[in-house]
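Asker: Here it is, the structure, as structure tokens.
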Amino acid sequence: MRLVKRFCVLIPSLAMALAMSSVVRADAATDWNATAIQIIARATTHPGATSFLDSAMVQAAVYDAVESITETFRPYAIRVPGASGSTAAAVAKATRDVLMNRFPPSQFPSLTGTLDTTYNDYLTSHSISASDPGIAVGAAAAVAIIALRANDHSFPNCSSTPLPPNCDFAGSNALGQWRPTPSDIVLPGASGPAPPPFAHMLAPWLAKVTPFTLTSPSQFRAPEPPSLTSKRYATAFNEVKRMGARSNSDRTAEQTDLALFWYSNYLALWERALRDTATANQLSIDDSARLFALANLAMGDAVITAWDTKLHYHFWRPYTAIHEADNDGNPETTSDPNWLPLVDNPNYPDYTSGANNVTGAVTRMLALFFGTDEMTFTVTTTNAAAPQQTRTYNRFSDAAEDVVNVRIYQGIHFRFADVQARKQGRHVAQWVFSHFLRSVDDDDRDDGADEE
């Protein structure tokens, strides 16, 4: 690519986050990414995987606001005609307006009141006039992305009677099929509150959301999972049974520490890693806005891809599989009615892993953006109870490999669900990088980034 030279425990105060970021970060795109994640993380009506849609919208608008002024890269939704002014003003306004749309003041008065205060304080502290032309650019970029996503099938009204399609999925008691699981978590963590016992699937509508870049949610659907009677299934079954048990497992202490580190809020974790990597590489605002947009578009579509596959196959979790093993027809699997995973099962099917879809997408995008997989970077957990709060990697793919393993150590995924998810996420990232947000100097030929 043409590179222009030139989570941690969530901080409770937005003002504190911005005060800290102004000391160590060089541009508004990085500052306002931190602010956006703070807001999104506090909006409990957009939980877990659904929050990736919010972040993708914010970063797409920020990117178009910056590029309308600088005209270095091709737009995503709009190039604002005659754009001028401060890129910092454009970024702040684009972020503020998209978040206000996602979390309306009538429903989130405290959240949006804090956001408006942060926005006004930011303009003041950066000596940005309310009449700066960049503000109008940011507003126009926000309007464009909001309009583009207005009918994307996300967040349907699931309180009406009868429930609309895609609002509820309770699984099946058939062999191999996902069904709701109990919730008795005893480990503290930062992935949000545990679902109630036997909760139905979280946001089944995600499988039908219009992708940000893909041609359809099923574009990179995973192949069918292995048959319950196969050797491949038995191998994966016995691995997670041994390595993912809450008690009497074969995990080493180091593997348990790794599992707790990655028992995390993946949006907050990866957004912080993106900010830290952008800062360490001293990216210009053009490049940081583009990196955040590419990564978030890829993660947003990776989540949609994961949900498409989950709802297509609705494959059971290891918890159910291990409890029902005497009925699965496989002589190499045996039941254990007392088996529990290290952490609670998320309330959606096993195949494929959303965490690995997202991680595969963001780590592959980082490698594509910088032109190399080999780069030293740091990841910070959002799990305050994890023995190790930061981990340093020397390759982006090493972090992705760890996430494949930890979902087994946590007892919540079969290996084939993790490996296929990582592959899906990588394919999504390669598609985004090849087809979107390219330099204005590039021709229209495929640059080969979607080939491994």
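The values are calculated or read from the model by the stated rules, or taken from the named source; none is laboratory data. Predicted, not measured: the structure shown is a model, and the values here were computed from it. Counting neighbours? That spans all protein chains shown, and the Cβs are built from the backbone with ideal geometry, glycine included. Accessible surface is based on the protein model in full, side chains and every heavy atom, while ligands, DNA and RNA are left aside. Shrake-Rupley method; radii C 1.70, N 1.55, O 1.52, S 1.80 Å.
Asker: Tell me, what is the per residue accessible area of the range 334-452 in Å², probe radius 1.4 Å?
Answerer: Values: 4120 Å² over 119 residues.
Spelled out: the 1.4 Å probe surface of the range 334-452, per residue, equals 35 Å².
Asker: Tell me the per residue accessible area of the range 62-108 using a 1.4 Å probe; a whole number in Å² is fine.
Answerer: Details: 1600 Å² over 47 residues.
Accessible area per residue, the range 62-108: 34 Å².
Asker: Can you work out the Karplus-derived ³J(HN,Hα) for every residue in the range 269-275? Use 6.51 cos²θ - 1.76 cosθ + 1.60 with θ = phi - 60°, whole Hz, and x for glycine or proline.
Answerer: Result, ordered by residue: 4, 6, 5, 5, 4, 5, 4 Hz.
Asker: What does the accessible area per residue of the range 196-272 come to in Å², with a 1.4 Å probe and no ligands, DNA or RNA counted?
Answerer: Working: 3270 Å² over 77 residues.
With the other protein chains kept in place, the range 196-272 gives 42 Å² per residue.
Asker: Taking H as built 1.01 Å from N, whose amide H comes closer than 5 Å to the amide H of residue 439, not counting residues under 5 places away?
Answerer: Counting only residues 5 or more places away or on other chains, the set is 74.
Asker: Going by average Cβ density within 10 Å per residue, which order do the peptides 307-318, 146-157 take, highest to lowest? Could the numbers behind the result be given before it?
Answerer: Details: 307-318: 24.4, 146-157: 14.2.
Put in order of decreasing packing, that is 307-318, 146-157.
Asker: With a 1.4 Å probe and every protein chain kept in, tell me what percent of the accessible surface of the range 293-452 is carbon plus sulfur.
Answerer: Values: 2130 of 5030 Å².
Roughly 42 percent of what the probe reaches on the range 293-452 is carbon or sulfur.
Asker: Quick one: which residues, 5+ away or cross-chain, put their amide H under 5 Å from the amide H of residue 395? H built at 1.01 Å from N.
Answerer: 375
Asker: Another question, if that's okay. So who's got an amide H within less than 5 Å of the one on residue 177, skipping anything under 5 residues away but keeping other chains? H placed 1.01 Å off N, in plane.
Answerer: Placed amide hydrogens put 316 under 5 Å from residue 177.
Asker: Just to check, using Stokes-Einstein with a Kirkwood Rh over alpha carbon pairs, what's the diffusion coefficient of the range 309-452 at 4 °C and 1.567 mPa s in µm²/s?
Answerer: Working: Rh = 17.2 Å.
After rounding, the answer is 75 µm²/s.
Asker: Å³ per residue of the Cα convex hull, for the range 171-316?
Answerer: Values: hull volume 23.6 nm³, N = 146.
Per-residue hull volume (Cα only) is 162 Å³.
Asker: Now a separate question. Give the span of the range 29-69's Cα atoms along each principal axis, as three whole-Å numbers ordered largest to smallest.
Answerer: Here the Cα extents, ordered largest to smallest, are 34, 17, 10 Å.
Asker: Related question: Heavy atoms only, 1.4 Å probe, whole protein assembly: order 427, 413, 126 by accessible area, highest first. Before the final figure, lay out the partial values.
Answerer: On the way: 427 60, 413 5, 126 80 Å².
Accessible-area ranking of 427, 413, 126, largest first: 126, 427, 413.
Asker: Using a 1.4 Å probe on the protein heavy atoms, what percent of the accessible area of the range 88-165 belongs to carbon and sulfur? Don't skip to the end; give the middle numbers.
Answerer: Values: 2110 of 3710 Å².
Carbon-and-sulfur percentage of accessible area, whole number: 57.
Asker: Next question. Sorting check: for 326-338, 234-246, 368-380, which peptide has the highest mean count of neighbouring beta carbons within 10 Å, and how do the rest follow?
Answerer: Working: 326-338: 13.7, 234-246: 20.0, 368-380: 16.3.
Final packing ranking: 234-246, 368-380, 326-338.
Asker: Decide, for the range 34-166, between rounded, prolate and oblate: order the square roots of the alpha carbon gyration tensor eigenvalues as a ≥ b ≥ c, take rounded if a/c falls under 1.5, and otherwise choose prolate if a/b is larger than b/c, else oblate.
Answerer: Numbers: a/c = 2.50, a/b = 1.52, b/c = 1.65.
Oblate.
Asker: State the extension gain, in nm to one decimal, for the chain segment bounded by residue 392 and residue 230, taking 0.36 nm per residue of separation less the distance between their alpha-carbons.
Answerer: Working: separation 162, 0.36 × 162 = 58.32 nm, distance 3.79 nm.
Full extension of this stretch gives 54.5 nm more.
Asker: Suppose we take every Cα in the range 90-193 and form the convex hull; what volume per residue is that in Å³?
Answerer: Values: hull volume 20.0 nm³, N = 104.
Measuring per residue, one finds 193 Å³ for the Cα hull of the range 90-193.
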